[in-house]
Amino acid sequence: MSRPEFRSHTLILLVLAFVLSHPLSGCSSSDPDESTPDASTPDASTPDASTPDASPPDASTPDASTPDASTPEVVHGLKGEYFRMSAPGARDFAQLGAVALDPNINFPGLAAMFETATGRTEHTTARWTGRLTVPETGDYTFFAIGDNGFRMLLDGAPVIDHWVGDWDIEQQSAPVHLVAGEEHDFRLEMFQDVGGANMFLRWSSATIGKQIVPSSAFTPPVGFEIYPVELAVGVDGRRLTLDFEGPVTALGDLMPHLVVEADTVAMPQASAAVASNDSSLVEVILSAPVQRGQRVRVSYDGTGGLTVDGAVVPQLIRDASNASTHRLRTEWGDQLDPDHPLPEYPRPQQVRERWLNLNGRWEFAAAAAGAQPVFGQTLPERIIVPFPVESQLSGLERHEDHMFYRKLVTVPASWQIGNGQRLLLNFGAVDHHARVWVNGQQVAEHFGGYTAFTADITSALRGAGEQEILVAVTDTAGPNQPIGKQSRRPGGIVYTQSSGIWQTVWLEPVPTVAIDDIVTTPDIAGTLSVKALSASASASASVTAVARDANGQVVGTVTGPANAPLTLSVPQPHLWTPDDPYLYNLDVTLTEGQSTDTVGSYFGMRSVAIQDVSGFPKLVLNGKPIFSLAMLDQGFWPDGLYTAPSDAALRWDLQAQKDLGFNAIRK
């Protein structure tokens, strides 16, 4: 279509904000007490909360701000008004800071908007008004959740009323019967006391699943002025364009007066200029790319000297369309070998020399609830294990409640499985419910997304050729499932789900009698308690533990029975501290008859306790008071989600925090 037609149609998606001619202090030099309407004395431009059913201007008498029949553009969205409270806790609409045309009620980070509109992030309120039209006749249920309180009205009648100072507690309305095509006056108000701020409005019906109420359902109040400009971020994520209806006659000093935010984070700007081939187009080049799917909000304060057709461009606070394909990745994710990800032995406290890493490409298929495995059949998709199915590095980047993994493996003949050797299949972690089959025989079932599990698959092997491993996973994030910080609706302090196999999978041969686990307990007086656990060992089995210092010199040896604590001497121990994290090496060997199993491990000599220090209970390390300067690190990665893209990435992450001065971390 022609360019003028393109512009008129895209107005449907435009969002606009403008501060009244006399904004709050900080937006201009005017006195806010004289120039800002007070909520207690509303005028035509500031509806009062006490009159929710006030009639809008008559659309039959259009003025300069009201499109008539000759201008067919339909603008969707809501009039958003942002206020300061008169005092902390007042929760009123005392001082209007800015007005916006917001697309809908979908705000994971309202604090930034409050800052832009009112000059502060706390003790603020917001009001959204307009008209609501449903796509089809039926009973609609509304769901509102926010930080802090909120209330919603339709045609002046309360639908949801939660004007209380809690946060993130979803409220559900009674079903409301609405008729397609009928317009209803809509109002939603919220207040923000302290801390973070967010607000979401969803709906559902017999034919519409629960979802954010789309902008297509809203139209702003009649008479709401729309300044004609289209904002768009290009495919590379670095080029923001402001496409005006007329030629830009002065660029002014644009950049200091322009703020570009991606998911509420201000993006640095490198340059701004009028396009050489189009005088109505301003191109802003960003120093860092906007990511795919980010919400981009552009704020221009109206005082930078920007003019179009000789007229001053007013203040704008508007969402931009985002066509960026750029993804947030780490350098380690960029270097990932999809055939050999995370190649390191995954269990450093119980290392065996012989093992086979099964990370890499697996077959994959989404499944329905209750679906049964089909053996001997190739699955249609490929996934990179051990990255959560929702992650970039998995290659799929979507959630599935139910899924199947499949891999064909060949067991090394040198392992001599069945000739005094058993074969273990280990999973570092699978979220949440996992069932495992080898050659059609179920070998394991495990609940819990954060713990490792092992299956002895010796009896399930068939000959010396390829063996089929099939894993069924269910992760619904249901109410009876530990999910940590995972969420189906990530945002704020909760994050994308991490479903499926998300830690290393590996095979290892073990003798008939083998070590299951090693438990060590140091005593800084000079001993180490060592317990080798083995369900297959008898009372005649013998355990030998040898400790070596960092130079490889033997510092202590002990021999005794399995499944019992043995005391190993560590004379003049080199104590472990955060500043000097000294570790000893430990080799443990279990012997019974012709069966011998040896694992490598390590330990640090340290004690941690709470003791009375000058009359106060204090944390002490190695008998000395220590101040715990700890960081809460949720451990999510932009490309691997809950799985670090490499051990080097994980080490860098920890070292960076130590370099910042922290001596402890919750990871």
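When the chymotrypsin sites (Phe, Trp or Tyr not before Pro) in the range 531-610 are filtered for DSSP coil states and for at most 16 other beta-carbon atoms within 10 Å of their beta-carbon, the remaining sites are TYR582. The tail of the calculated P(r) for the range 517-655 beyond 28 Å holds 39 percent of all Cα-Cα pairs. The share of C-alpha pairs in the chain whose separation exceeds 39 Å stands at 50 percent. Remark: the GLN442-ASP161 segment gains 95.9 nm on full extension, using 0.36 nm per residue and subtracting the alpha carbon distance.
Strictly greater than 15 Å: what percent of every Cα pair in the range 264-318 meets that? Considering the range 264-318, 61 percent of its Cα-Cα pairs are separated by more than 15 Å. The modelled label-to-label distance between GLU245 and ALA368, using points 7 Å beyond Cα along the C-beta direction, is 5.3 nm. Evaluated on the range 580-667, the Kirkwood hydrodynamic radius is 16.7 Å, with distances taken between all distinct Cα atoms. Model label points for GLN594 and ARG488, set 7 angstrom from Cα along the Cα-to-Cβ axis, are 5.7 nm apart. Residue pairs exceeding 32 angstrom between C-alpha atoms, taken from LYS407/LYS531; LYS210/LYS658; LYS624/LYS658: LYS407/LYS531; LYS210/LYS658. Stretched out straight at 0.36 nm per residue, the stretch from ALA266 to PHE616 would grow longer than its current Cα-Cα span by 121.5 nm.
For the range 336-511, the Stokes-Einstein estimate of translational diffusion at 20 °C and a viscosity of 1.002 mPa s comes to 129 µm²/s, using the Kirkwood hydrodynamic radius over alpha-carbon pairs. Taking a point 7 Å from the Cα of THR137 along the Cα-to-Cβ direction, the residues of the range 171-193 with backbone N closer than 13 Å to it are 177-182.
Of the trypsin sites (Lys or Arg not before Pro) found in the range 86-176, those that fall in a DSSP loop while having at most 16 other beta-carbon atoms within 10 Å are ARG120. Across all directions, the shadow cast by the convex hull of the range 284-359 built on its C-alpha atoms averages 9.3 square nanometres.
Readers should treat all values here as calculations from the given coordinates under stated rules, not as data from a laboratory. Keep in mind the model is a prediction, meaning the values are calculated, not measured. Heads up, the Cβs are rebuilt from the backbone with ideal geometry, glycines too, and the neighbour counts pull from every protein chain shown.
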